[in-house]
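Just below is one structure, and these are the notes that go with it.
Read-outs throughout are calculated quantities, based only on the coordinates presented, and are distinct from any laboratory measurement. None of the values given here were measured: they were computed from a predicted structure. No Cβ is skipped: glycine too gets one built from the backbone with ideal geometry, and neighbour counts run over all protein chains shown.
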Amino acid sequence: MPESKPRKRTERRPQAAAPEYKPNPVWFKPVMFGLMIIGLLWIIVFYITEAQWPIAAAGSWNILIGFGIAIVGFMMTTRWRS
């Protein structure tokens with residue numbers, strides 16, 4: 001069997017290059033915060049108007065719609081880069 005040459009202390013293993021992250025587009029933060037605020041306002045309007053607004057026919061589903069809009073905004077925060 002051929003003998004392997006021992007590594008010297010000065011030799012280093014090649015390291016993978018760090019991935020380059022591009023910053024988010026300009027529109028990303030306003031849309032992210034806008035969705036969170038719209039979802040919150042949707043739910044507040046539903047409670048203040050006693051289910052008459054935003055969509056009276058949706059009834060209590062308005063709460064789910066508001067949370068859904070806000071959750072999309074919160075999910076966008078996982079992709080937020082400076």
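Please report the relative contact order for the range 28-79, taking Cα pairs under 8 Å with a sequence separation of at least 6, and give it as a percent rounded to a whole number.
51
Potential lengthening of the chain between Ala16 and Ile71 amounts to 16.3 nm, from the contour at 0.36 nm per residue minus the alpha-carbon distance. Placing +1 on the Cβ of every Lys and Arg and -1 on the Cβ of every Asp and Glu, with nothing else charged, gives the chain a dipole about its Cα centre of roughly 940 debye.
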